[in-house]
Structures are given as C-alpha cells and as structure tokens.
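Engineer: This structure is in structure tokens; I'll ask about it shortly.
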C-alpha cells in the first residue's frame, strides 16, 4: 500500500486500508481449493440491510478517491489497468461499471462490450478481438464480457464450437485445458508489459436472477433488456456454474486474480468492486511526473511573461 502524506493523504490511507478489508475476502488467491458453492450470492460482508445507505455513502467516498488515483495513472502514463467483468445475465455488470466508474475521466477510460463474434472475428483466433482492445498506457480498460466467453457459453453450447472455423483435429477433449493455458500465458505477457489485470465474476443466485428478469418484463422501460433466450439459458444454470468454477480455478493467478463478488445486493457488489479497483490503483505507486530544473526555469519565464501583460 502506498503511503500518502498530508491531511488528505492520511484520509486516503485509511480509506485504502478499508478497501482492502472489503475486497480481499472475495479475491481467489488459492484457486486449487476454490468452490463456487462456498460463496453466498446474498452476502453483504460487515453490513446488514439497514446499512444500505451507509454503504452507498462509502461508495461515493471511494469514487472520489478513485478519481484522484486515476488522474495520476493518466498523468504518469506508464501502467494500464484492465478490468474484466463476467457474470450470468442480470447479475449487474452494466450497473457496476456505470456506478463504480462514474467519477472517472472519460479521456482515461475505455469500455468495450463483447457480444457474439462477427464474421471478421471468427476469421481470427478467439483472443484477437479482445487483444486489439487492450487499454493504452495511462488508461483503464473495461471489458463487459471477454475472451472468457470462449470457455463459458462456447463450452456449455458445443454447437457454437462446432460452427467455429477451427480445424477439426484441434477440437479435442483437451481444448478447454489448452484455452486456459493460453489465457494464463497471455495474461502473464500483458502483466510483464505493464497491463494490470483484475477480473470480477458477479455471482448472482438463480432466484435473484428470476426476480430481475420479472422486473424487466413488468417495466416497459426495461423490456429492451430482455429476450426469450435469457429465460432459456436458465435451463443450463448448473452447466454454467460448473464452467465458471473451473474457469476460476484454472485462471485465477497472483498476477491476474479473480474476485468472486456476491451480486444479489447491487449496492454491496459495487462497493466490493470499487474497493478492489482502489486497492489496485494504489498498489502502483502512482504520482504526477516530476518537473525537471530546465522545465521549472521555462515555467518561471512563462510566469514573468504573463505577469508583464
């Protein structure tokens, strides 16, 4: 944790310490022993339902702190940060991105949502469309879904894999192990080049998903967010949970960890995500570029010119 000085710095240090306390319990540091069933989608950490407003106030404070850290990230222009969001439908990915990143300077943030691959994308390897969207140095990149879809929906629905333009002899039983290895290697490569990766699986319960689907059907302004395919996918729930569990076991690493975040209470989900982002940014020892003596002399001359007008 970076040590910030001054009155504001002291407050920031305390906030970052709290942030670590909120996010660390949901970080998968021991993937070999990870079991999805051990995570309660309805958990709210140290809060109860009456603390909802308190949590929202803390989120706002966290967003303000994140704004300052992101400004340093942009100015320093050395690191880039990639945040990956994966979840079942209606788990709250869009809302988490919207609320947590609400204080971020748009110039320093890049958001991409990945839907079904296009014909052009199918003519490339499965990582291509995501790798070409990697954040530039000094920026935060956000992926709403990602290359991990190729180990989730494609795995659950084998007919999708059958339609992809992969040589038949490569479609073996070990294709998923191969893809997990590919992803680990690519994420290590990106890390070695200054891309800091943090991944979030928003873990919503099947019952809560149903309630949110019903709300989308009941409210006309939310009808557009629902399709009949969403309801059909619920029939594959257990297959998805198995796929998510193995994905996390295979790809949560020290350099690109997964956070499995309870998602039945959106206000808590957003707080945990914000805490993880704050802790990550703080770990980079971000600071504004130091001004050289020559630059200081140039600025002094500029001041004289302005004052003489």
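Engineer: Taking region 83-105, which residues are part of a helix (DSSP H, G or I) and out of contact with any helix residue (DSSP H, G or I) (no Cβ under 7 Å at 6 or more places or on another chain)? Step through it out loud before you land on a result.
Structural biologist: Quick first cut of region 83-105, residues part of a helix (DSSP H, G or I) only: 93-100.
93, 94, 97, 98, listed by residue number.
Engineer: For residues that are over 25 Å from residue 91 (Cα atoms), touching a residue at least 24 places away in the same chain (Cβ under 8 Å) and surrounded by fewer than 18 Cβ atoms within 10 Å (Cβ to Cβ), scanning just region 132-170, find the one that is farthest from the chain's Cα centre (by Cα).
Structural biologist: For region 132-170, the residue satisfying everything is 165.
Engineer: Look through region 108-127, keep the residues that are in a helix (DSSP H, G or I) and touching a helix residue (DSSP H, G or I) at 6+ places or on another chain (Cβ under 7 Å), and return whichever of them is surrounded by the most Cβ atoms within 10 Å (Cβ to Cβ). Write out each step before concluding.
Structural biologist: Narrowing region 108-127 to residues in a helix (DSSP H, G or I): 108, 119-122.
Checking which are touching a helix residue (DSSP H, G or I) at 6+ places or on another chain (Cβ under 7 Å) leaves us with 108, 121.
Working: 108: 18, 121: 15.
Checking each candidate, the answer is 108.
Engineer: Could you grab the pairs with beta carbons closer than 8 Å, sequence gap of 6+ or different chains, first residue in region 172-184 and at positive phi and touching a residue at least 60 places away in the same chain (Cβ under 8 Å), second one surrounded by 16 or more Cβ atoms within 10 Å (Cβ to Cβ) and in a loop (DSSP other than H, G, I, E, B)?
Structural biologist: So the pair list comes out empty.
Engineer: Now, a different point. So residue 4 fits all but one of (1) surrounded by 16 or more Cβ atoms within 10 Å (Cβ to Cβ); (2) part of a helix (DSSP H, G or I); (3) at pLDDT below 85; what number is the exception?
Structural biologist: Failing condition for residue 4: (2).
Engineer: Ok, one more. For region 254-275, name all the residues that are over 13 Å from residue 31 (Cβ atoms) and either outside any helix (DSSP H, G or I) or touching a strand residue (DSSP E or B) at 6+ places or on another chain (Cβ under 8 Å) (or both). Show your work before the answer.
Structural biologist: Initially, region 254-275 is screened for residues over 13 Å from residue 31 (Cβ atoms), giving 261-275.
Residues satisfying the conditions are 261, 262, 263, 264, 265, 268, 269, 272, 273.
Engineer: Answer yes if at least one residue in region 270-290 is farther than 27 Å from residue 67 by Cβ and touching a residue at least 40 places away in the same chain (Cβ under 8 Å), and no otherwise. Spell out the reasoning first.
Structural biologist: Here is the first cut: in region 270-290, the ones farther than 27 Å from residue 67 by Cβ are none.
Checked against the condition, which is being farther than 27 Å from residue 67 by Cβ and touching a residue at least 40 places away in the same chain (Cβ under 8 Å), region 270-290 yields no hits at all.
Engineer: Same structure again: Looking for something farther than 14 Å from residue 199 by Cα and in a loop (DSSP other than H, G, I, E, B) - is there at least one such residue anywhere in region 228-250?
Structural biologist: Scanning region 228-250, I find no residue that is farther than 14 Å from residue 199 by Cα and in a loop (DSSP other than H, G, I, E, B), so the answer is no.
Engineer: For the structure I just gave you, tell me whether residue 105 is surrounded by fewer than 18 Cβ atoms within 10 Å (Cβ to Cβ) and either closer than 30 Å to residue 283 by Cβ or in contact with a strand residue (DSSP E or B) (Cβ under 9 Å, 6 or more places away or on another chain) (or both).
Structural biologist: Working: surrounded by fewer than 18 Cβ atoms within 10 Å (Cβ to Cβ): yes; either closer than 30 Å to residue 283 by Cβ or in contact with a strand residue (DSSP E or B) (Cβ under 9 Å, 6 or more places away or on another chain) (or both): yes.
Yes, satisfied.
Engineer: Output the residues belonging to region 219-247 that are surrounded by 11 or more Cβ atoms within 10 Å (Cβ to Cβ), out of contact with any helix residue (DSSP H, G or I) (no Cβ under 8 Å at 6 or more places or on another chain) and at pLDDT 95 or above.
Structural biologist: 242
Engineer: Could you pull out the residue among 104, 97 that is farther than 30 Å from residue 175 by Cα and at pLDDT 95 or above? Give the steps one after another, and end with the answer.
Structural biologist: On the way: 104 fails: at pLDDT 95 or above.
Matching residue, one of 104, 97: 97.
Engineer: Listed residues 33, 48; which is at pLDDT below 90 and surrounded by fewer than 16 Cβ atoms within 10 Å (Cβ to Cβ)? Before the answer, list the steps.
Structural biologist: On the way: 33 fails: at pLDDT below 90.
Within the list 33, 48, the selection yields 48.
The values are calculated or read from the model by the stated rules, or taken from the named source; none is laboratory data. Owing to the predicted nature of the structure, the values given are computational and were not obtained by experimental measurement. Note that each Cβ is placed from the backbone with ideal geometry, even for glycine, and that neighbours are counted across all protein chains shown.
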